[in-house]
1. Among His410, His416, His484, which comes first, second and so on when ranked by fewest other beta-carbon atoms within 10 Å?
2. Give me a comma-separated list of calculated 3J(HN,Hα) values for the stretch 392-403, in order, Karplus coefficients 6.51, -1.76, 1.60 applied at θ = phi - 60°, integers in Hz, x for any Gly or Pro.
3. Which links in Lys320/Lys420; Lys138/Lys438; Lys19/Lys138 stretch past 24 Å when you go from one Cα to the other?
4. When only Cα pairs under 8 Å and 6 or more residues apart are kept, what is the percent relative contact order across the stretch 228-373?
5. Counting only residues 5 or more places away or on other chains, whose amide H sits under 5 Å from the amide H of Lys438 once H atoms are built in the peptide plane?
6. Considering amide H positions built from the backbone, and no H for Pro or chain starts, which residues 5 or more places from Val345, or on another chain, come under 5 Å of its amide H?
7. With N set to the residue count of the stretch 7-142, report its C-alpha Rg divided by 2.2 N^0.38 Å to two decimal places.
8. Lys326: which aspartates and glutamates have alpha carbons under 16 Å from its alpha carbon, excluding same-chain residues fewer than 8 sequence positions away?
Amino acid sequence: MASPTSQDGKIALLRAAFKACDVSNTGRLSFDEFFALLKKGNPRFEEPQAQDLFEKADEDMSGEVDFDEFVEYIFNNKTLDRVFKLEASASEEEAKQCLMNKPGPIRAAASKSVKDAGGDWRAMTWKERLEVAKDLEKEASEDSVARTKGAPTVDATSSSAARRPDRNKPKNLQTVAPSPKSAKREKPVAAVAERRQEAKTVAAAVGGGGMASLLGAKPGGLAGSVNKFAIADMSQTALVDYSLQEEDLDFAGNNADIKSDLAAFKDYLKTADSPLSRLNIIKFIAKGTAGWVFLCEDKTTGARCAMKLIRMTQARSGIKEWYCSKVLTSDAVSNVVFTDETVQVVQRSSATDVIKDQIAKARPVNYFMAMIQELMPWGTLEDLAKEGELSPEIMFECLEDVAKTLAVMHANGLQHRDVKPENIMLQMNDQDEVLAAKLCDFGSAQVGTEAASMQDDIRRFGVTLFSVATGEGWTKNRLIREKHDALVARLTTAVQDSSDPSLQRLPKVLEQILSGSMTMAQVATVMEELDSAYDD
Ligand SMILES: Nc1ncnc2c1ncn2[C@@H]1O[C@H](COP(=O)(O)OP(=O)(O)O)[C@@H](O)[C@H]1O
Ligand SMILES: [Mg+2]
């Protein structure tokens, strides 16, 4: 048997202490069990301190601490701390930060569902882990709302490599106590000395007799790992390099010309200057998934425009927006919210107060891509549908515009991949009449012509049609995950009292679109027919 003072002996004793606390016998400690373990050593151990330790020991963010994590934490070997470690790519770093902000019970349910499905949570990328957590979170909130129809199906757009969580597994996440970790995210990272002290505190707490020496191991240094706040210290050049790596330009496929275009753009960004010398920022307009949009005015001409700011660590979405806009401009498409070819960079320290207010939460990033666009102050198709102001006439016009734009994109080898009512902006005249519907937000776009990936846009267009025709909210009802039959059935009910031939045709058209048998060009032709038939 190993001596109690050897490393193996210590681990064996620690395993015994761990097992004794693992009342649920899962091989992992929930926060309550972890807290009980600490209290065993020291009955006066305080909960907030325990929460802090729990958070740090939960290396893989599974919402529970398993034995390996616990040993890692106590003996602090290798590149231990996810909080300190900067991921190699900006997208992984962001996924990790985002996962960290999810409540513990959600993470615990996510890691469990992966394990139950035979997967390996730790072997997954942060993006994959986040995806599972997001799915479960949505299901949890969904289950708490009384649903009338339609079981959600798997989202075909998901890039998760993990198997889908078993819907029946984590029963009701609302009944799980709130995570001890959820409320305390934005605290500064503990310094190494502080960490050492914490490790000692754990040791003292769980200690008592032999345990004290057992757990008295000093944490190893954090040499070699990069502090995540390194992002704050990066120069514009370094941040652009970090944010736009090889894989971030993969959306262009293998086309060498496009790749060299993107590489030149990336180089340009490293020294691009600020638009704030020529623009007054008047007010904040809206926040999307990636960026903040501001109303601006040219200092000399007084012309108004919109400025979309996205943090540099999301430059991979900005570069898509820039690239798509460039291609579509040269193709003379009109119903697109274009981005100026000249993209600039705003530095946090030189931003105006209106901007600073918005980007305060984007720390530690200090540089932002600024894209100038035509101002579209009339809102989105989603807004209009929500306000109940969408007449069938306007609806058909808008759907025709969008279908035609998507058809041109597809003909140019571009896929939008985020078609939804919120990403369709309206253009109106002084009488508030809708003149056009313009597609915006190319931040998820992809270059390529495979029929299968084009189908994603076509399906999303179909679901957009459903959403605006029935008034069912996109996000609230999670339409994109619904079974196609259910959507067609609900649309049939929604139009059954109408005598208009175009409206009557809609369910059949939706069924055809969702069946995957049409190209975008064919959809555009049908939408044109419906629109002109309605006008007649
Ligand atoms: N050119 C513009 N003019 C006015 N408002 C805009 C403009 N572009 C976007 N918006 C508003 O900002 C929101 C977010 O913009 P979007 O381009 O979709 O960014 P994200 O990628 O962050 O979703 C839109 O849904 C819309 O309400
Ligand atoms: Mg958007």
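A short reminder: the numbers here are calculations on the coordinates, not readings from a lab. Just so it is clear, the structure is predicted and the values come from calculations on it, not from any experiment. Cβ sites come from the backbone with ideal geometry, for glycine too, and all protein chains shown count toward neighbours.
1. Ranked by crowding around the Cβ, least crowded first: His484, His410, His416.
2. Result, rounded to whole Hz: x, 4, 5, 4, 5, 4, 5, 5, 5, 4, 5, 4.
3. Beyond 24 Å: Lys138/Lys438; Lys19/Lys138.
4. 28 percent
5. Close amide H contacts, sequence-distant or interchain: Met425, Leu426, Gln427.
6. Close amide H contacts, sequence-distant or interchain: Asp273, Ser274, Ala370.
7. Output field value: 1.08.
8. Within the straight-line limit of under 16 Å, Lys326 reaches these aspartates and glutamates: Asp257, Asp261, Asp340, Glu341, Glu374, Asp441.
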